[in-house]
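The values are calculated or read from the model by the stated rules, or taken from the named source; none is laboratory data. Quick caveat: nothing in here was measured; it's all calculated off a predicted structure. We place every Cβ from the backbone using ideal geometry, glycine too, and count neighbours over all the protein chains shown.
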Amino acid sequence: MRVFVAIALTLTSVSCAAQEPDTVRDALIARAKALELSTPYVPPPGKVLEHHAAGFAQIMCSAVFITGLEPDFAARNVGYFTAPYAQRAKLGKPIIDRPGGAVHVTLPNGMQRTAKFLGDQGCVTLPMGRTSFDFKPIRLATVLPDPSTQAWPMGDVSPTDPLPAGLNAATIKAAVDAAFEPAAAMTAALVVTWKGRIVGERYREGITTRTPLESWSMGKSLTATLLGILVKQGVYDLAQPAPIPEWQGADDPRARIRIADLLHMSSGLRIRAPQDPDYDPGGPYPDHLYLYTGGVNAFHYAATRPLQWPPGTVGRYHNTDPVLVNYLVRLGVEQRGEEYLSFPRRALFDRIGIRSMVIET
């Protein structure tokens, strides 16, 4: 009987907990609606399937030329949100141009979207109908020694002494192995650290400690870290209005957007994203993904969106804001006469032992 009562109480508790977030969510949506400004929404140019083709070409390019995956495996298993599987079925099989370092995806009308491998700048989607880029790739060389000569985390050398007291190797191994079950989950890699020491790790077949894996929105954390370095160096203050050149016109309301608002994803800029509560999958292609697939100057595109809400009032998971943080990193670095593309390596990666990170442009 006590078991039954305990289960009943648990179910009641879960039911109440499930209702409360919905109530809070509804209130937040209503608040955002009340604060919304009467500015127009202009969707990204181009056809939806063209953008899916660009996304497919880009993730295939990264998978083949950076990670080293087999094309057929990559086409089945990576980058679903920039190229949903239902959309891939409408497109031609990716053409892998290994000598040219490119991937081409053909649309039903015969047009192609292309992504090209640019070495240390990764893979970049070409604008529709273009064969060249608006920037010059550069070679990024680390100043760090061979990782086999340095202890982890600056290098790859692991301690050979037994695990610290209190840690059970069999228990750790069981926990790590559990992360790889079922096999259909396709866990690629898992590393367990304890007090600055690796105590457990495992890699999927075909993956090693040197395999670069796609990380997607981990880039947002890197971007915030790079901005934080510039704040520490006195280039910016979090409370200052973000000095985005496109916002410096007379009476531009976006000039009130603070750097902190961008970091909080509360700039208020009007775009559409799959995470929006009113997002319609059958509607226009979302700006949130167009910043990946458009083959345009993402800084300028993000900076030219109008306000949907007053700055600092409504938070949304919108890629415009971290893109604009990266814009500030570029502006801050270049105003000192330094190379922007090499800044992450000089200011961060070489200082913490990262040798193989590729930030795609």
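Of note:
- Residues of the range 220-255 that are out of contact with any helix residue (DSSP H, G or I) (no Cβ under 7 Å at 6 or more places or on another chain), assigned to a helix (DSSP H, G or I), more than 14 Å from residue 347 (Cβ to Cβ) and small (Gly, Ala, Ser): 221 alone.
- From 274, 212, residue being in a loop (DSSP other than H, G, I, E, B), modelled with pLDDT of 95 or more and within 17 Å of the chain's Cα centre (by Cα): 274
- Residue 53 touching a Leu at 6+ places or on another chain (Cβ under 6 Å) and crowded, with 17+ Cβ neighbours inside 10 Å: yes
- For residue 190, the conditions (1) surrounded by 11 or more Cβ atoms within 10 Å (Cβ to Cβ); (2) aliphatic (A, V, I, L, M); (3) outside any strand (DSSP E or B) are fulfilled apart from (3).
- When residue 180 is tested against the conditions (1) in a helix (DSSP H, G or I); (2) touching a Ser or Thr at 6+ places or on another chain (Cβ under 8 Å), the lone failure is (1).
- So residue 81, is it under 23 Å from residue 287 (Cβ atoms), among the hydrophobic types (A, V, I, L, M, F, W, C) and not in a helix (DSSP H, G or I): yes
- Residues of the range 335-361 satisfying the condition of being of a type in the set (Gly, Ala, Ser), over 26 Å from residue 245 (Cα atoms) and modelled with pLDDT of 95 or more: 353
- Residue match in the range 285-293 (condition: in a loop (DSSP other than H, G, I, E, B) and not charged (D, E, K, R)): yes
- Identification of strands (runs of 3 or more DSSP E) wholly contained in the range 101-145 with 3 or more residues that are in contact with a Lys or Arg (Cβ under 7 Å, 6 or more places away or on another chain) and at positive phi yields no element.
- Residue that is farthest from residue 356 (Cα to Cα), among those in the range 214-230 that are surrounded by 14 or more Cβ atoms within 10 Å (Cβ to Cβ) and of a type in the set (A, V, I, L, M): 230
- Of all residues in the range 256-289, those satisfying the criterion of being polar (S, T, N, Q) and out of contact with any helix residue (DSSP H, G or I) (no Cβ under 6 Å at 6 or more places or on another chain) are 266, 275.
- Residue within the range 50-73 that is farther than 30 Å from residue 208 by Cα and of a type in the set (Asp, Glu) present: yes
- The single condition among (1) touching a Pro at 6+ places or on another chain (Cβ under 6 Å); (2) crowded, with 17+ Cβ neighbours inside 10 Å that residue 324 does not satisfy is (1).
- Number of positions in the range 256-271 that are more than 19 Å from residue 301 (Cβ to Cβ) and either polar (S, T, N, Q) or in a loop (DSSP other than H, G, I, E, B) (or both): 2
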